[in-house]
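Taking it in order: structure first as structure tokens, then the write-up.
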Amino acid sequence: AQAFVGILEHHGISVFVPSGQLPSGMPLISQGNTERAKSLARRNITLLADAIRQGYHVIATEPSAALCLTHEYPNLLDDADAELVAKNTSEACEYLWQLHTAGKQHLDLNPINTSLAYHEPCPVRALNTHRAGEKLLGLIPGVSVHSVDRGCSGMAGLYGLRSENYIRSLRMGLGMINEVRNASIQIGASECSACRMQMRQGTAKPTLHPLKLLAASYGLTPNPVIPRRSHR
């Protein structure tokens, strides 16, 4: 989130973070607790709809949160403000790629020499962002992007966080994990925090949100890539 705010401010875009906002509620929805999710949704919709009417656009750095706001809230609540929020919400990488296609993204990017494996999370596929995160990574000089197309990471929302599912979850994500384990790959990258957890569990390699690499390339944050050690 801090990396993203830095990127937006680098582009002259002001950022407002409502202090009273609550979690999106997607984990509750996935577990069937719709009443509690509705309570969160009502609170968030009130805050965000007011901000939208003041001219703001809503952006989420977690894809499942963006999916919740754009797809689940209108299904949970028969509310005009829920539709307003859904129509004025974007996933962070998608928002930046739209800036790029409009010719408004700054390209004063410094090189980061690394080879990474990019995994597209399921919520990003559902949002149909056209792999915006992967495309942003491809703009960074020196970054070699290897696209991993091996299905779900196995985390599957809350599924992989339950102790009884731990081994099955890793087996489900073995295709992705093996791609990241490749000796030519230095780091893993994905917009989804749960997918990045799975990468770390299965490979012990550093994993990053694309926004962190982009912020570092702009010189807004330290280079997060661990240099490869030489072997003799």
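The values are calculated or read from the model by the stated rules, or taken from the named source; none is laboratory data. Bear in mind the structure is a predicted one, so any value in this text is a computation, not a measurement. Glycine also receives a Cβ, built like all others from the backbone with ideal geometry; neighbour counts cover every protein chain displayed. With ligands, DNA and RNA removed, areas are computed over all heavy atoms of the protein, side chains included. Shrake-Rupley method; radii C 1.70, N 1.55, O 1.52, S 1.80 Å.
Structure data summary
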item: Rg/Rh ratio calculated on Cα atoms of the range 130-232 (Kirkwood radius); result: 0.99
item: Using alpha carbons only: equivalent-ellipsoid semi-axes of the range 95-158, gyration tensor based, whole Å; result: 24, 17, 8
item: The range 122-186 - percent relative contact order, Cα under 8 Å, separation 6 or more; result: 25 percent
item: Where no second cysteine Cβ lies under 4.7 Å, the cysteines concerned in the chain; result: Cys68, Cys93, Cys122, Cys152
item: About the Cα centre, charge dipole magnitude for the chain (Lys/Arg +1, Asp/Glu -1 at Cβ), debye; result: 1000 debye
item: Relative contact order, percent, the chain [alpha-carbon distance under 8 Å, six or more residues apart]; result: 19 percent
item: For the chain, built as a Gaussian network whose Cα springs stay under 10 Å, the top-fluctuating residue of Ser115, Ser217, Ser184; result: Ser184
item: With all protein chains modelled, accessible area of Asp79 [1.4 Å, Å²]; result: 60 Å²
item: Fraction of accessible area attributable to carbon and sulfur, the range 74-232 (%, probe 1.4 Å); result: 50 percent
item: Å² of accessible area per residue within the chain, as computed with a 1.4 Å probe and no ligands counted; result: 51 Å²
item: Per principal axis, descending, Cα span of the range 26-157 in whole Å; result: 47, 38, 18
item: Area of Lys104 that stays accessible when all protein chains are in place (1.4 Å probe, Å², to 10); result: 130 Å²
item: Kirkwood-based Rg to Rh ratio, the chain, C-alpha trace; result: 0.98
